[in-house]
1. Only residues that are touching a helix residue (DSSP H, G or I) at 6+ places or on another chain (Cβ under 8 Å) and not in a loop (DSSP other than H, G, I, E, B): list them for the range B:212-231, please.
2. Given the criteria assigned to a helix (DSSP H, G or I) and within 13 Å of another protein chain (Cβ to nearest Cβ), does A:A91 qualify?
3. Which one of these is in a strand (DSSP E or B), in contact (Cβ under 8 Å) with a residue 24 or more places away in the chain, crowded, with 20+ Cβ neighbours inside 10 Å and not β-branched (V, I, T): A:L48, A:L34?
4. Given the range B:44-116, what helices (runs of 4 or more DSSP H) lie entirely inside it while holding 3 or more residues that are surrounded by 24 or more Cβ atoms within 10 Å (Cβ to Cβ) and over 18 Å from the mean Cα position of the chain (by Cα)?
5. Out of all the residues in the range A:265-314, which are charged (D, E, K, R) and at pLDDT below 90?
6. Residues B:G233, B:G198: which one is over 15 Å from B:I399 (Cβ atoms) and not hydrophobic (A, V, I, L, M, F, W, C)?
7. Just give me the residues in the range A:52-78 being away from chain B (no Cβ under 14 Å), surrounded by fewer than 20 Cβ atoms within 10 Å (Cβ to Cβ) and in a loop (DSSP other than H, G, I, E, B), in sequence order.
8. Going by the structure shown, is B:P240 part of a helix (DSSP H, G or I) and either within 30 Å of A:P137 (Cβ to Cβ) or modelled with pLDDT of 90 or more (or both)?
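The values are calculated or read from the model by the stated rules, or taken from the named source; none is laboratory data. None of the values given here were measured: they were computed from a predicted structure. Please note: Cβ atoms are built from the backbone with ideal geometry, for glycine as well, and neighbour counts cover all protein chains shown.
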Amino acid sequence: MVGVSIELSGVACRFGDVRALDGVHLRVAPGEFLVVLGASGCGKTTLLRVVAGFHRPHAGSVRIGEMMVASPDCFIPPEDRDIAIVFQSYALWPHMSVAGNVGFALEQRGLDRAGRRQAVTQALRQVGLEQYGDRRPAALSGDQRQRVALARCMARSAGTVLLDEPLANLDPSLRGAMQTEFTAMRAALGSTFLYVTHDQNEALALADRIALMAGGRILQCDTPRNIYEHPASAEAARFVGNAMLLPAIMVAHAIGGRANVRVGRCACAVRAPSGHPPGPATLAVRAHELAIAPVGQSDLLLGYVIDVRYQGSHWLVRVGVGDIVPDGLEVVHHGEPPAQGERVNVRILDGWVLPARPI
Amino acid sequence: MIIGRLSRRMPAAEAFLGVALAVAVAWLGLLPLLRLAAAAVWASGDVFASPSVVRALLRSVVTSLGGALVALALGGAYASVVALTDAGARRLLSIAALLPLLIPAQIIALAWMQMLSPGGPLPGWFGAGDDALYSGWGITLLLGVEHMPIVFLAARAALAGIPGELIEAARAGGARRARVLRRIVLPLASPGLIAGFGLTVVACLGSFGVPAMLGIPGRYPTLAVLIYQRLTGFGQAMLPDAAALALGLAILSAAAALATGWVARRVDAATIGGGAGGTCQIELGAWRAPVTLGLLTVSAVVMVLPLASLVATSVSRAYGVPLRPATATFDHYVTVLHTAETWRAFITSAWLAGAAAMAGVAVAIPAALLRSWGDRAWLRRLIGSLDPIIDAPYALPGIVLAIGMILLYSRPLPMLRISLYGTPWIMLLAYIPRFLPLAVRPVQAALARIDPVMDEAARAQGARFFRRMFAIAVPLLGPGAAAAGILVLLTSFGELTVSALLWSPGHETVGVLIFSLNEGGNIAEAAAVSVLCLMFLFLVAGLTALLPASAWRVLPWSG
């Protein structure tokens, strides 16, 4: 199956007074794995359901491949859209066997019994459940049900595969294995994947590109690396990787993607978008881009330890640095932590100057 | 405060209450059935060999299965439109499907008799003669109409409970409407549909109002009617034989109920996850208006036209005279309202129904509390084990309970030397177990909606069982318990099955009065009393609009 493109232009969707989607433009390339990432209530599930055809947008248009599926004057129902969906609840039909679930869509295609059985067996083999074809979904464990849902989706071999938080109901210990399963499924199918999640680790690990959503709009759509390292806005920086925002002064124009900035009395060299003018700027830093240093250095931030939390591989030290950041800075620290109340210096190892205007 | 202090001195108050409840429920509900079974042992074994009994038994089975099929068709049609489509006026359609719940069976029968009578709007099935109604066909049809709400409620709950994602998954798999209905919706709803059908068969087997009103003049007695005829015709001498016949009917009903449960469980594929139900909605498009109009027309023919004919008969000068403004008269109302018997019947029914409602709620609240919030495991098990005893007098044919009561109380009570037979008290003792499940189930549902933390918080403050019951549970359960009480009141006010055998001169109930006026040929007066009875029932049902919405959620027809 060759993946097809998905194109949304100006899609708006209202539920009563709530604008679930507020003018969304998005283009997913054929065969691309695009993850829509956002907090709950940001409109990401609505976006998926609009593409599937379970919601009709109030404005804008949706195109799947060459086919216009939703626009002010046409609407193609889900059953005619050549899509496959994995639901958060898996939505396995409890009155059918595993094989019945997987083969349901194939009956439609006029495939004969033997051809159907072969396709079902192949799909089940791909998820490692060949011998479970006769079981009922109720007799399976959580991750097995998830695999059946994937097999059902694969057997359909649709041009577009839609996944709605497929890992949300699984134990954390099983999620890693299932992520591998998605990668294998994508390699086997070659379809276009639209994957909705609120989990940034899933998004960073799986996506070709991430569309970051908030308030019914797309904040930024870019590769995982760019989203993480070069967030376009304060919201994007806060949501992905939990960045802290510090007021900074850019000393000069950025050269080669880096620039010298001052935060308080601390001078440092950080990543910066080219073209950002010198002067006031906002620096996004993450806890691992900061380091605790012994007191006595005049070119570092000075503060005191508010509290220290053990994280297993490291300590997370919260340092109060006066009015620069009211809540204090979170700093990753390896080795023996400083004591609570102790005065320390904080060094800025790296960071990212947020663009003056969205890039 | 006094109660609080009292219960502190009696740490076992809870256990005492639980045991007292169990004894009371067993005495009211179980004892009559056991007494009936004991009496049946002494009956001559060959009662079932008589050809008339075999015929009646077959008639019961045939009309019950047929009636359940009619109910399945009617209730199923309304439920699928209300639960699955975007048809207009769905709320009105729900009310139309539930209307028979509110109308006593003998009034439904009387109303249909008026619709098909020579002077009625649809005289004699469009000319086939109204004999057709006084037959197995007529009984089957009206049993179906009477029990349509049972199927409607079961089917609507089953259809609305299907997780929307299961439908969406099928549509994403390319399935169109017909295939989604056939492959997904119907199989998932079938346990509910089977349960609704089976419950209706059980209810029809015990039904008395419709078969008595139609089958006695039509010489088509079902088993329940035959038992009634033999008892009223031959008196106490027939008691052992009647007990044996009633026991046979009870066993048949119980077998039907057990078989239903077994089949429904067999086909039940418990859904796993799948989000909230009720998101399945079929867009009817151009069919929206025709579907709604079609079902409203069915309601008009099945319920509205008969009731209108009933009203027409009640204001007609003479039976069969076509109704015109010039011939309309309130004479029949004047007559019945000047008869002491009418007033007596309304008062008797009102206090019996009111007392049954209050007793039901008084049993239901502590039973639900001990069962759901109690911390004595044996007590929870004890109250839980009462379920079949609570359900039996309601689920089994009313005539079974009535004969059990006669057997128990026809002789003077030991030591007290007073006999309850021939007094209205025997009716009250029968009404309470007969309608107890209608109070117990909604109160249980209401309690299930209350977070047990409410009780635990009071307990942490040191409040004992009775104090918690009156200070926490009763106020929180209040609206739901009130709704349950009204349900009992509405259902028992027009009761006929039990009263028909237990009433005594001077203590007729409204149901008995209508039945005997009709039997005596006073059709217009029977119609007038029926209209008055319906006015009272609609008034009480209307008053419940004053209850908060939360109260309604516990009633069987909410949703």
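1. First, pick out the residues of the range B:212-231 that are touching a helix residue (DSSP H, G or I) at 6+ places or on another chain (Cβ under 8 Å): B:212-216, B:218, B:220-228, B:230-231.
B:A212, B:M213, B:L214, B:G215, B:L223, B:A224, B:V225, B:L226, B:I227, B:Y228, B:R230, B:L231 - these are the residues of the range B:212-231 that are touching a helix residue (DSSP H, G or I) at 6+ places or on another chain (Cβ under 8 Å) and not in a loop (DSSP other than H, G, I, E, B).
2. no
3. Working: A:L48 fails: in a strand (DSSP E or B).
Step by step, each of A:L48, A:L34 is checked, and only A:L34 is in a strand (DSSP E or B), in contact (Cβ under 8 Å) with a residue 24 or more places away in the chain, crowded, with 20+ Cβ neighbours inside 10 Å and not β-branched (V, I, T).
4. Working: elements: B:51-84, B:90-102, B:105-115.
Answer list for the range B:44-116: B:51-84, B:105-115.
5. Selection gives A:R265, A:D299.
6. One residue alone meets the criteria, B:G198.
7. Filtering the range A:52-78 for residues away from chain B (no Cβ under 14 Å) gives A:57-63, A:65-68, A:70-74.
Imposing the further condition that a residue be surrounded by fewer than 20 Cβ atoms within 10 Å (Cβ to Cβ) reduces the set to A:58-61, A:63, A:65-68, A:71-74.
If the condition is that a residue be away from chain B (no Cβ under 14 Å), surrounded by fewer than 20 Cβ atoms within 10 Å (Cβ to Cβ) and in a loop (DSSP other than H, G, I, E, B), then A:H58, A:G65, A:E66, A:P72, A:D73 are the ones that fit.
8. No, not satisfied.
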